[in-house]
Amino acid sequence: MSTELPDMGVVFWPVGTGDSSTVVVADEVLMQVDLNDRAKADDDDTPEVPVVDLLVEALPIGPDGRPFLSAFVLTHADKDHCSGFADLLDKATIGELWATPRMWREYLDDGDDTDLCEDAQAFHEEVKRRVEAVKKAVADVEEIALGDRVLVVGYDTDEHKHAYHDLPEEYLLKPGISVTKINGVDYVGRFEAFIHAPFKDDCAAARNETSLSLQVTLTEDGGQDGKILLFGDLAYETIMKIFKYSEDHDRAQYLEWNLMLAPHHCSKRVMYVREDGKDVLKTDILEAFERHAREGSVVVASSRPIPASDLDGANPPHKKAADRYKDYADRLICTMEWPSVEDPSPVVLGIDAYGARIVEDEVVEHSAKSADVAKAAGRKRRRLSKVAAAATAAGRYAGGVVSVSETAAMTGSERVQAAIKADRGSEAAPTTAVGFGRDR
């Protein structure tokens, strides 16, 4: 097995408790699902990591001469899922935005006193701008301009009150359908996203329960694929609804997974329900996870290190949730512990002729160094390697190996190189093949 990264895969960045996942569909086609760039972290939970600068450095250059991200998908508008969006929008062209109706309901319910963070507000303003741009382009029978595309994903009983209601149907996506287009280009046979949620019945629920939920399938040219389940911050009842609905409608293939991003950063609320003042374990959801897991299943907790014990009222991650995932999946990886708390690396799922596999840390490390050398020599680098190198640099910041203050004046490229130089070991590639999963 090659020690180089494949052409396609997903990179889960080590950014504390929060989500930043980069889907590499092809060399020029990247989809970012959520973002957690806390330029000046205001708590001890999230390290100061320049995610946007590092991500922008890894992006291809678009037709307008700027860094280009094909799509940005926001599962929901919590700060740990959208921090840095305004900065990203300023520094790169984003072809398409995926937004849920909940963004409009936030303002409908709260008026001007919404509790959305500044980046969530910036996202909503950009979505509203794009809705009007798309409607105008359609009315004028014109091509939608670069950076104007938008998809509204999910149901809302009040959608008739909002401007997006007048969009053509192709820009309004409902649960229960598959999407193979990104930024208006069809990647059928290579990319598919099946939309599980948000449901109409949950449109007025708490923000977490309106999270966009997807199964993403990446298929390489030889036919091998990898399936990723993304649930945002959903909890037990909504996730069980997803499994029951898909199973009852003969859509079990859309529940399969090689990798599942642990909902709500490894929260116990996924499998424990509060009854009579006690946490009651619901094994049916764990059995559902196990029932649809592929061989070598991996759960990734995008969070700070798993605590040694749980404190009442503490935010995720929760030890009791991590323990249950270990009971029912082949492997649990915490982004801020992989491979060590002191020097975390990105978790990379690669898809190639061997199938889907977690790329072991040594390979990611070697690839990051090789990407740096290739850049210096003017050679073309694989896009997944570029993103992994950027996320490796993020891990150096997150682990305190490199400080933001020391590199504040550097460009994104220089920051990547500085962080890679602060590595753990030798320049050599690993001598043994590494793959996906573990022996049970």
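The values are calculated or read from the model by the stated rules, or taken from the named source; none is laboratory data. For clarity, every value in this text was computed on a predicted model and none was experimentally measured. Counting neighbours? That spans all protein chains shown, and the Cβs are built from the backbone with ideal geometry, glycine included. The accessibility values were calculated without ligands, DNA or RNA, using every heavy atom of the protein model including side chains. Shrake-Rupley method; radii C 1.70, N 1.55, O 1.52, S 1.80 Å.
Of note:
- Screening the stretch 349-381 for residues that are hydroxyl-bearing (Ser, Thr, Tyr) and assigned to a helix (DSSP H, G or I) and picking the one that is modelled with the lowest pLDDT gives Ser370.
- Comparison of Gly313, Gly296 shows that the only residue that is crowded, with 20+ Cβ neighbours inside 10 Å and farther than 23 Å from Val416 by Cβ is Gly296.
- Flag if Lys386 is in a helix (DSSP H, G or I), modelled with pLDDT of 80 or more, under 23 Å from the mean Cα position of the chain (by Cα) and surrounded by fewer than 17 Cβ atoms within 10 Å (Cβ to Cβ): no
- Count of the stretch 170-213 residues, restricted to those that are over 24 Å from Trp257 (Cα atoms) and not charged (D, E, K, R), is 9.
- Strands (runs of 3 or more DSSP E) contained entirely in the stretch 197-305, each with at least 3 residues that are under 15 Å from the mean Cα position of the chain (by Cα): 213-219, 225-230, 257-261, 293-301
- One residue stands out in the stretch 325-337 among those that are assigned to a helix (DSSP H, G or I) and either hydroxyl-bearing (Ser, Thr, Tyr) or in contact with a helix residue (DSSP H, G or I) (Cβ under 6 Å, 6 or more places away or on another chain) (or both): the one that is nearest to Cys266 (Cα to Cα), namely Tyr325.
- Consider the stretch 238-258 and keep the residues that are in contact with a strand residue (DSSP E or B) (Cβ under 6 Å, 6 or more places away or on another chain) and farther than 11 Å from His196 by Cα. The one that is surrounded by the fewest Cβ atoms within 10 Å (Cβ to Cβ) is Glu256.
- There is no residue in the stretch 335-342 that is more than 16 Å from Pro14 (Cβ to Cβ) and among the acidic types (Asp, Glu).
- Going through (1) surrounded by fewer than 24 Cβ atoms within 10 Å (Cβ to Cβ); (2) under 21 Å from Val33 (Cβ atoms); (3) among the β-branched types (Val, Ile, Thr) one by one, Val273 falls short only on (2).
- Matching residues in the stretch 183-195 - criterion: being part of a strand (DSSP E or B) and under 23 Å from Arg251 (Cα atoms): Asp186, Phe191, Glu192, Ala193, Phe194, Ile195
- Some residue of the stretch 121-129 being surrounded by fewer than 18 Cβ atoms within 10 Å (Cβ to Cβ), over 27 Å from Val56 (Cα atoms) and free of Cβ contacts under 8 Å to residues at least 60 places away in the same chain: no
This table checks each residue for (1) in contact (Cβ under 8 Å) with a residue 40 or more places away in the chain; (2) within 27 Å of Arg207 (Cα to Cα).
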| position | (1), (2) |
| --- | --- |
| Cys266 | yes, yes |
| Arg274 | no, yes |
| Leu281 | yes, yes |
| Pro316 | yes, yes |
| Asp323 | no, yes |
| Trp338 | yes, no |
| Asp343 | yes, no |
| Asp352 | yes, no |
| Glu360 | yes, no |
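- Taken as a whole, the structure places Val152 among residues that are of a type in the set (A, V, I, L, M, F, W, C), under 19 Å from Tyr107 (Cβ atoms) and open to solvent by less than 40 Å² (accessible area, probe 1.4 Å).
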